[in-house]
Amino acid sequence: LHRQADQACRQLARTQEEHERLLQAAVEQAEGLEHNLRSAKAVLAERAAQLKDTQAQLSRSKLLIEDLCEENRGFAMALQAAELKQKSTEEKNHLLNEQASALKQLIGKITPASLSG
C-alpha cells in the first residue's frame, strides 16, 4: 500500500509538472498573441490615419476640380461671347467693304462726269 502511494505520488508529481509545462507554454503563447494583437492594432491605426489623410486630400482635390470646372464654364462663356462678337465684327466688316466698293463705283461714275462738265 505504501509502495502504491509512493507511485501514485510520483505519477501525480509528473502529471503536475507536465501541466505546469503546458500552462507555461499556453502563457507564452498568449503573450505572443497579445504582442501580435498590439502590433496589428498599431498597423491598423497607422493605416486608418493614412486613409484619413488620403480622404482629406481627395476632398481638397474635389473642391479644386469643382472650382476649375466653374472657372472653365466662365471661360467657355467668355469665349462664346468673343466668337459672337468676332462674327458680328466680320459681318460688319464685310458690309463696310461692300459699301466701300459701292462708293468707289459711284465715285468712279461721278468723277468722269464732273471732269467732262
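Just so it is clear, none of the values below were taken in a lab; they were calculated from the coordinates. Keep in mind that what you see is a predicted model, and the values were worked out from it rather than measured. Glycine gets a Cβ as well: all are built from the backbone with ideal geometry, and neighbour counts include every protein chain shown.
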(Q) Against the 2.2 N^0.38 Å scaling, with N counting residues, where does the range 55-117 land? I'd like the Cα-based Rg ratio to two decimal places. (A) 2.52
Q) So, in Å, what gap is there between the alpha-carbon centers of the range 1-66 and the range 94-108? A) 98
**Q.** Computed [θ] at 222 nm, deg cm²/dmol, the chain (DSSP H ≥ 4; -39,500 (n - 2.57); rounded to nearest 500)
**A.** -38000 deg cm²/dmol
**Q.** Neighbourhood charge, 15 Å Cβ-Cβ cut-off, centred on Ala45 and excluding it, Lys, Arg +1 and Asp, Glu -1
**A.** +2
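Taking R0 as 25 Å, what FRET efficiency do you get between Ile107 and Leu84 from their Cβ-Cβ distance, rounded to the nearest 0.05? Can you show the working numbers first?
Working: r = 34 Å, r/R0 = 1.37.
Efficiency at R0 = 25 Å is approximately 0.15.
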Q. Summing +1 for each Lys or Arg and -1 for each Asp or Glu, what net charge is found among the other residues whose Cβ lies under 13 Å from the Cβ of Ala26?
A. -4
**Q.** Using a Förster distance of 41 Å, the FRET efficiency for Leu68-Leu44 (Cβ separation, nearest 0.05)
**A.** 0.70
Q: Work out how far the C-alpha atoms of the chain reach from end to end along every principal axis, then list the three figures in whole Å, largest first.
A: 168, 15, 14
Q. When N counts the residues of the range 8-76, how does its alpha-carbon radius of gyration compare numerically with 2.2 N^0.38 Å, as a ratio?
A. 2.68
